[in-house]
Amino acid sequence: MMYLVFFMGFVSVWTAGRINADTQAALGMVTQCGLFLMVVIMAISSGATAAVSQSLGARRLSRAQRYVATTVIGSLGLGLALAVVGYIFDEQILRLLLVPEGIVPQALEMWRISLLALPAQHVYNATGVMFRATRQVKPPLYVAVLVCLVNMALCLGLGLGMFGMPNCGYYGILWANIAAQTIGAIVNCALLSRSGYLIRSTLPGMRWLKAGLPYLLRVALPAGFASLVWQSGYLALFVLVASLPHDSVAALAGLTAGLRVESLLFLPGMAFNMSVAVLVGNCLGAGRPREAKRLALNMTWAGTIALSVVAMMIWPFRQEIAAILAQDSATQTQIVSYLTYNLLSTPFSIASTVMGGIMVGAGATQYNLAVYGGCSWLIRLPVGWLLGHLLWQTASGVFCAMLISQCIQALLMLSVVNWCDWTRFAMRKYDSRTMQKQK
């Protein structure tokens, strides 16, 4: 599933690159803004993963069903609300990000259209998380294949005029995403309903919500702040690149394309993150903290070693990959620079990503907030500004700062996993005080 997500993003960036560098740069800004608006559902999904996986580990099926229904319904409402907010403050958002003047009109138009996909994107994301939390891995995989095929066909067809479709330019890329996300959300909801997790009897009442929401929020709030800090850090990273003294548009296009290539490693890392969250939650819900810690460390090393090998295989082909993703030499140079630093950071970035999933499964998202937020705002951005704007005055300085912050972040997360009592945040202990009404 994560490789399918990578392929969707890769096709979008490749299509934008075939149009021009301005479109590729604008798409990067719009995509990052959209991810920023996803922080709320990412937070709710973190809380729901912990709650559902621990409930199933404790053999509390009805409680898990109600958490699933609460998450899906809440994701739709949040998506609609954030789409409205994003539309009202559209110009202010892009101005705040210091988007280069040459691409502001195009970026603004792309941003407004992309907001139409936000409600469906929230629901598709939330339902996918719920499938994983309930250990149903095959149904969302089949849906992801469908979504990927729809996105690819429409992106290439409407974006470049292939397959006999009208050539709509960058509009085609945006409408392809809207169609794919909507189809994914509808089919996922239908499959969850068929499996018994999203039916009328599982809808939570006010009495249940008063008992069940506190734990969900207890995990979701720190996770939300962590996602907010992390995504705002990436937005600030785009601002650093967009405001560079030289070649800012090419650097922005290179950052956009480089992030897509890096997702070839990051998204499988997120697969380990999501898997370890569910399995750790199951262990803690069943009252087996030692097994949870052993499993957590094993999956961390497995993910790190496996994806480091993939990074080593990609390393010799950086220039060839850049040539595929961009037509102009300036953007290609920036892509190679980005990949050089970020492929070197793979063991550290993957390890910290997997260990973040451990904290989600345990409900200990406070640690993610402290480590991810601190490394992003206290290390990556200051060092990126120092190297990129003052000393080197190139995007390579910003990319080097990303490598430095990932190394420190991984070491801090490893210290948390080994020496902090993160198992105490599990619902198993919290349950006795707040969930008595369900017994």
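The values are calculated or read from the model by the stated rules, or taken from the named source; none is laboratory data. Computed from a predicted model, the values in this text were never measured in an experiment. Here Cβ is always computed from backbone atoms with ideal geometry, including for glycine, and neighbour counts include all displayed protein chains.
Go through (1) within 17 Å of Leu56 (Cβ to Cβ); (2) in a helix (DSSP H, G or I); (3) more than 16 Å from the chain's Cα centre (by Cα) for Gln136 and report which single condition fails.
(2)
Filter region 51-62 down to the residues that are in a helix (DSSP H, G or I) and either surrounded by fewer than 24 Cβ atoms within 10 Å (Cβ to Cβ) or touching a Phe, Trp or Tyr at 6+ places or on another chain (Cβ under 7 Å) (or both) and list them by number.
If the condition is that a residue be in a helix (DSSP H, G or I) and either surrounded by fewer than 24 Cβ atoms within 10 Å (Cβ to Cβ) or touching a Phe, Trp or Tyr at 6+ places or on another chain (Cβ under 7 Å) (or both), then Ala51, Val52, Ser55, Leu56, Leu61, Ser62 are the ones that fit.
Do you know which residues across region 78-97 are of a type in the set (A, V, I, L, M, F, W, C) and either part of a helix (DSSP H, G or I) or closer than 17 Å to Trp175 by Cβ (or both)?
Leu78, Leu80, Ala81, Leu82, Ala83, Val84, Val85, Ile88, Ile93, Leu94, Leu96 - these are the residues of region 78-97 that are of a type in the set (A, V, I, L, M, F, W, C) and either part of a helix (DSSP H, G or I) or closer than 17 Å to Trp175 by Cβ (or both).
I'd like to check something: does region 388-399 contain any residue that is modelled with pLDDT under 90 and within 18 Å of Leu279 (Cβ to Cβ)?
no
One line per residue, one yes/no per condition, for (1) in contact (Cβ under 8 Å) with a residue 24 or more places away in the chain; (2) within 30 Å of Ala58 (Cα to Cα); (3) of a type in the set (D, E, K, R):
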{"site": "Gly287", "(1), (2), (3)": "yes, yes, no"}
{"site": "Met313", "(1), (2), (3)": "no, no, no"}
{"site": "Arg318", "(1), (2), (3)": "yes, no, yes"}
{"site": "Ala323", "(1), (2), (3)": "no, no, no"}
{"site": "Gln334", "(1), (2), (3)": "yes, no, no"}
{"site": "Thr340", "(1), (2), (3)": "yes, no, no"}
{"site": "Ala364", "(1), (2), (3)": "yes, yes, no"}
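Results for (1) under 18 Å from Thr31 (Cα atoms); (2) not polar (S, T, N, Q), shown as yes or no for each residue.
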{"position": "Tyr67", "(1), (2)": "no, yes"}
{"position": "Thr70", "(1), (2)": "no, no"}
{"position": "Ala83", "(1), (2)": "yes, yes"}
{"position": "Gln92", "(1), (2)": "yes, no"}
{"position": "Leu96", "(1), (2)": "yes, yes"}
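If you check every pair at least six apart or on different chains, which have Cβ atoms under 8 Å apart with a residue in region 239-255 that is farther than 23 Å from Arg18 by Cα first and a residue that is among the small types (Gly, Ala, Ser) and part of a helix (DSSP H, G or I) second?
Leu240/Gly384; Leu240/Gly388; Leu244/Ala251; Leu244/Gly388; Leu244/Ala395
When the residues of region 339-350 are filtered to those that are within 10 Å of Ser308 (Cα to Cα) and not polar (S, T, N, Q), which remaining residue is surrounded by the most Cβ atoms within 10 Å (Cβ to Cβ)?
Looking at residues that are within 10 Å of Ser308 (Cα to Cα) and not polar (S, T, N, Q), I get Ile350.
Here's the yes/no breakdown for (1) more than 27 Å from Met274 (Cβ to Cβ); (2) in contact with a strand residue (DSSP E or B) (Cβ under 7 Å, 6 or more places away or on another chain); (3) not in a loop (DSSP other than H, G, I, E, B):
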| residue | (1), (2), (3) |
| --- | --- |
| Gly74 | no, no, yes |
| Val99 | yes, no, no |
| Gln106 | yes, no, yes |
| Trp111 | yes, no, yes |
| Leu115 | no, no, yes |
| Leu146 | no, no, yes |
| Val150 | no, no, yes |
